[in-house]
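As structure tokens, the structure follows; a few thoughts come after it.
Each reported figure results from applying straightforward, stated rules to the coordinates on display, with no laboratory input. Source: prediction; values computed, not measured. With ideal geometry, Cβ positions are generated from the backbone for all residues, glycine too; neighbour counts draw on all protein chains shown.
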There are 2 protein chains.
Amino acid sequence: MSIPAAIEALTSLLGQRLSLSKSDLALHGRSESYFPETLPDAVAYPETTQEVSELVKICAAQDCPVIGWGAGTSLEGHGLAVRGGVVVDFTRMDKVLGIRPEDQDVTVQPGITREALNTELRATGLFFPVDPGANATIGGMAATRASGTTAVRYGTMRDNVLGLEAVLADGTIINTGTRARKSAAGYDLTALLVGSEGTLALITALTLRLHGQPEAVSSGVCAFDRIEDAVSAVQETIQMGIPMARIEFVDAATAVAFNAYADATLPECPHLMIEFQGSEAGVAEQSERFGEIVADHGGKGFAWSTKEEDRRKLWAMRHNGYYAILASRPGCKAVVTDICVPISRLAEAVEATIADIDASPIPGPILGHVGDGNFHAILMVDPDSPDELAEAKRLSHVMVERALDLGGTATGEHGVGMGKLDYMPREHGAAWQVMGALKSAMDPKNILNPGKMVPQGN
Amino acid sequence: MSIPAAIEALTSLLGQRLSLSKSDLALHGRSESYFPETLPDAVAYPETTQEVSELVKICAAQDCPVIGWGAGTSLEGHGLAVRGGVVVDFTRMDKVLGIRPEDQDVTVQPGITREALNTELRATGLFFPVDPGANATIGGMAATRASGTTAVRYGTMRDNVLGLEAVLADGTIINTGTRARKSAAGYDLTALLVGSEGTLALITALTLRLHGQPEAVSSGVCAFDRIEDAVSAVQETIQMGIPMARIEFVDAATAVAFNAYADATLPECPHLMIEFQGSEAGVAEQSERFGEIVADHGGKGFAWSTKEEDRRKLWAMRHNGYYAILASRPGCKAVVTDICVPISRLAEAVEATIADIDASPIPGPILGHVGDGNFHAILMVDPDSPDELAEAKRLSHVMVERALDLGGTATGEHGVGMGKLDYMPREHGAAWQVMGALKSAMDPKNILNPGKMVPQGN
């Protein structure tokens, strides 16, 4: 039993679609953040669920690791083949299998990206709302329980996946969930697989909940002198039940990066970016009420607009935030934090984070999904400086420990991967052993993305 | 190893709070629907999580079944001790452990009922929205993944439980989830336990998502000649993105039962009952637009009101629906169906169900949560007539098979219990074996609510 034997059998199965080329291995051995290159032994490009099943059977027989791969936009090294093996690239499984507008759902293959999906949906009047910024694949977004700017209104992947088709560690193909909007029939295997990061099964199809394109959308931006004022304005908006579709926070350092990268002219201070969706009258009312709340909390310069051009510019700036920040230190790599805390603790978490970063030589602009209590510090390091990387990891460690102290989580949306594995024992306590037991039950040979998620050893 | 030995040890642990009285056993051996009395060997009344842990350790050592019990309002026999053992009644664990209004969350013990919780919350301006009708316990609602009239707006228990404390089959106490609004840290054990019907762990505390009490609420009712018109009015309302807080369907037979039980004067035809929640201007706009849609689909008599008195009367009538229907055939027991189908198939599912019932001697009024595609037929049988029970079960079987043919589920919200266990293989296929593997991993001695949920045998 060996990886070379698996590769030989996979070559028979997939022919040219099993790649051993150096460039392919390199492309699937890299990460969008600071993790070192970690090459797999081969990259497979299956085209059908049946092929994925056959592939997994071969790998199971040979004890060969199998690691799923979407768009490669993970920031935590989810797809790195840390024990070698075969990376399964789902790029060729990118079809829409069925759109049912009257049920507001769609079934897709895992390799379709969220932008491609929304392009396909355009004519139906529906859209898929989960929006992590990067043009990730839907399969990758499900595997990592992604969310992003719209989670405050539409929820995360947890809330928007109705059902899955998946291949188990022995090659069995299962279906979870139904096309009904809800069910009380048995264990929620859909929710168990969403966020399991390819360690329990490989997702080969997804049925997603869609939403009607809103009749009207309003958006706006406003500036604050103090972070705590921005956060308390958001808290009050939530408490008033005003339904925000997006509510994003950026700190002064991020505003500076936006100005340079997106040709913006934001004052160099903290900002909130807001969007409302609904009827024309609804978004007008909500925007006005939000404006009043902002003014009460010392916010400045709030103006709202329902023009698509204004909105597109605002959110393009936000979506390119990660790259705008990276561009502010050419050649850098990022250690990205992703803590999420109860809203009541958000202002203190952000302020303490900024104080930590100010006291450190590492630059780290902050931006986040303030309606969820989730924010990121983009800690920029010289990739050739072990000292800087160590300092960034120290900062990240302080932030995660603080989040856990505050009743929060090490990762709101980026997932565990390699970057947050060390925090699983503290965050979950005895429940981490349960995760290990579930992993052993579903993948007894530990071939699915080994080295991740659960207690290692034996 | 034996149940008597467990009872002896539990008596040492709990004293008077381990009951062997006949009336107590009978009270915990009955069901609200048609299942025959099934007595446990004892009823335990723990007061702390630590006691639950000790209790489970004793039962594990003696291979004694342990079955959780809330308010006993299950319609599917979830709490019946089909293999004997100890029923754990959580009545004495009914405290609110912490309300955090600024985070819109609350931590409670499992034995608190939803009405008691909302009474406790009243002064905070917040409420817990999940509303299955019956005054169930929160623990029971989580264990069965309950939902009800408000799921179309607020989701089910799946969507409103942020985290759990639970006792595993070996007595280990775990915590799942955090107080953050979202997390991507590891397997979603919260979602795995919600809906697991006490077969994987006993829930000993829950952190719940709360919502702001709406500024304004409007409600109304309207009549239709044809079911398909009522359903298509709902479909169009969903497609327009008009946010309904409740949208309930009742058929003509249910309207008749309401008239008799609730002193109402509904025309004897299908009806929709609607509620909107939001700002004064918002609910007015939504009610008006709904009224236009209803009129376009031939609906009659729609009038909306924001008066609390009108609303209270309407929803009291709906909430008492089950009892109103039972009262229409004195002395009867009910076989309750709970299918949920894609909305596009709802009208045909309801119409075919009514045709089946009309062709049968068994009366079966229908009502349901039409925004979710979920509806119930209350099949009323003479408890002393095996023929009637057999006929009701035949009808129920036809309905479930139809739901599965239409891409739906055997149970939208009532759960599996004893009543839907036989449908698990067809609904889940190979995934049912995965549920069995998870059960074996978490409860290897099969002491937690045995005889339910997963493949039986060995």
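Please give the charge dipole size of segment A:301-397, origin at the Cα centre, charges +1 on K and R Cβ atoms and -1 on D and E Cβ atoms. Round to the nearest 20 debye.
In debye, rounded to 20, segment A:301-397 gives about 400.
Say a label goes 7 Å from Cα toward Cβ at residue B:92 in every copy; what distances in nm does this one have to the rest, shortest first?
6.4
Could you state the angle between the C-alpha long axis of helix A:308-319 and the longest principal axis of the C-alpha atoms of chain A, as a value from 0 to 90 degrees rounded to the nearest 10?
Its long axis makes an angle of about 60 degrees.
Near the amide H of residue B:150, under 5 Å away, which other amide H atoms are found, from residues 5 or more places off or on another chain, if H is placed in the peptide plane?
The answer is B:131.
What does the structure give for A:188-200 when I average, per residue, the other chain Cβ atoms found within 10 Å of the residue Cβ?
Partner Cβ neighbours, averaged per residue: 5.
Let me have the relative contact order for chain A, percent, based on Cα pairs under 8 Å that are six or more residues apart.
Here the relative contact order equals 16 percent.
Just to confirm a number: summing +1 for Lys and Arg and -1 for Asp and Glu over residues other than residue B:400 whose beta-carbon lies under 13 angstrom from that of residue B:400, what do you get? Don't skip to the end; give the middle numbers.
On the way: positive: B:393, B:394, B:402, B:420, B:426; negative: B:76, B:338, B:356, B:401, B:405, B:422, B:427.
Cβ neighbours under 13 Å give a net charge of -2.
Taking chain B as the reference, fit the longest principal axis to its C-alpha atoms, fit the long axis of helix B:431-442 to the helix C-alpha atoms, and give the angle between the two in degrees, 0 to 90, nearest 10.
Approximately 40 degrees, to the nearest 10.
Mind putting a number on the dipole of segment A:216-322 about its Cα centre? Charges go on the C-beta only, +1 for Lys and Arg and -1 for Asp and Glu, and I need it in Debye to the nearest 20.
The dipole of segment A:216-322 has a size of about 280 debye.
Using Cβ counts within 10 Å as a stand-in for footprinting exposure, how do B:340, A:64 rank, fewest first?
A:64, B:340
Tilt of helix A:386-405 relative to the longest C-alpha principal axis of chain A, in degrees (0 to 90, nearest 10)?
Long axis of A:386-405 versus the principal axis of chain A: about 70 degrees.
Could you tell me the relative contact order of segment A:289-401? Use alpha-carbon pairs under 8 Å, at least six residues apart, and round to a whole percent.
27 percent
For segment B:224-285, rounded, prolate or oblate, judged on the Cα gyration tensor with a ≥ b ≥ c (square roots of eigenvalues), a/c < 1.5 rounded, else prolate if a/b > b/c?
Values: a/c = 3.28, a/b = 1.58, b/c = 2.08.
Cα axes put segment B:224-285 in the oblate bin.
With +1 on each Lys and Arg Cβ and -1 on each Asp and Glu Cβ, and nothing else charged, work out how big the dipole of the protein assembly as shown is about its Cα centre, in Debye to the nearest 20.
The dipole of the protein assembly as shown has a size of about 1220 debye.
Taking only the alpha carbons of the protein assembly as shown, what extent do you get along each of the three principal axes, in Å, biggest first?
Extents along the principal axes, in whole Å: 82, 64, 56.
What is the average number of partner chain Cβ atoms found within 10 Å of a Cβ in A:340-351?
4
Net charge near residue A:367: determine it from the other residues with C-beta under 11 Å of the C-beta of residue A:367, scoring Lys and Arg +1 and Asp and Glu -1.
Charge balance near residue A:367 sits at -1.
Provide the per-residue ³J(HN,Hα) series for segment A:195-209, in order, calculated from phi with Karplus coefficients 6.51, -1.76, 1.60 and θ = phi - 60°, each as a whole number of Hz, with x at glycine and proline positions.
x, 8, 6, x, 8, 10, 5, 9, 7, 10, 7, 9, 9, 10, 7
With the cut-off at 1.5 for a/c, could you classify chain A from its C-alpha gyration tensor as rounded, prolate or oblate? Provide the component values of the computation, followed by the final result.
Details: a/c = 1.87, a/b = 1.41, b/c = 1.33.
Note, shape of chain A comes out prolate.
Unpartnered cysteines of chain A (Cβ-Cβ under 4.7 Å counts as a partner)?
Cys with no partner Cβ under 4.7 Å: A:222, A:269, A:332, A:340.
Positive end of the dipole of segment A:315-458, charges at C-beta (+1 Lys, Arg; -1 Asp, Glu), about the Cα centre: which of A:347, A:449, A:357 has its Cα farthest in that direction?
Projecting each Cα onto the dipole axis, the largest value belongs to A:449.
Copy-to-copy spacing for residue A:135, label 7 Å out on the Cα-to-C-beta vector, in nm, shortest first?
Taking the point 7 Å beyond Cα along Cα→Cβ, the inter-copy spacings are 5.7 nm.
How high is the relative contact order of segment A:216-322, in percent, counting Cα pairs under 8 Å that sit 6 or more residues apart?
After rounding, I find 44 percent.
Have a look at A:7, B:255, B:317 and report the one farthest towards the positive end of the charge dipole of the protein assembly as shown, computed about the Cα centre with Cβ charges (Lys/Arg +1, Asp/Glu -1).
Going by the charge dipole, the pick is A:7.
Return the sequence-ordered ³J(HN,Hα) values of segment A:135-148 in whole Hz as given by the Karplus equation 6.51 cos²θ - 1.76 cosθ + 1.60 applied to θ = phi - 60°, using x for Gly and Pro.
Per residue, the Karplus-derived 3J(HN,Hα) values read 7, 6, 7, 5, x, x, 4, 5, 4, 9, 6, 5, 9, x Hz.
Using the number of other C-beta atoms within 10 angstrom as an exposure proxy, rank B:211, B:428 with the fewest first.
B:211, B:428
Which listed residue (B:440, B:400, B:380) has the Cα farthest towards the positive end of the charge dipole for segment B:378-458, taking +1 on Lys and Arg C-beta and -1 on Asp and Glu C-beta about the Cα centre?
Positive-end residue among those listed: B:440.
Treat the count of other C-beta atoms within 10 Å as a stand-in for reagent exposure and order B:315, A:69 from fewest to most.
Details: B:315 18, A:69 29.
If I rank by nearby Cβ atoms, fewest first, I get B:315, A:69.
Write down the percent of antiparallel bridges among all DSSP beta bridges whose residues are both part of segment B:329-416, to the nearest 5.
Values: 10 of 11 bridges.
Of the beta bridges lying entirely in segment B:329-416, close to 90 percent run antiparallel.
Inside 10 Å of the C-beta atoms of A:240-247, what's the mean count of C-beta atoms belonging to other chains?
Averaged over the peptide's residues, the number is 3.
Going by a ≥ b ≥ c, the root eigenvalues of the Cα gyration tensor, does segment B:216-322 fall in the rounded group (a/c under 1.5), the prolate group (a/b larger than b/c) or the oblate group?
Oblate shape, in that a/c is at least 1.5 and b/c is the bigger or equal ratio.
Exceeding 23 Å between C-alpha atoms, which entries from my cross-link table qualify? They are A:439/B:445; A:57/A:452; A:22/A:420.
A:22/A:420
Using the Karplus equation 6.51 cos²θ - 1.76 cosθ + 1.60 (θ = phi - 60°), what ³J(HN,Hα) coupling, rounded to whole Hz, does each residue of segment A:263-278 give in order, writing x for Gly and Pro?
6, 9, 9, 6, x, 7, 7, x, 9, 10, 10, 10, 9, 10, 10, x
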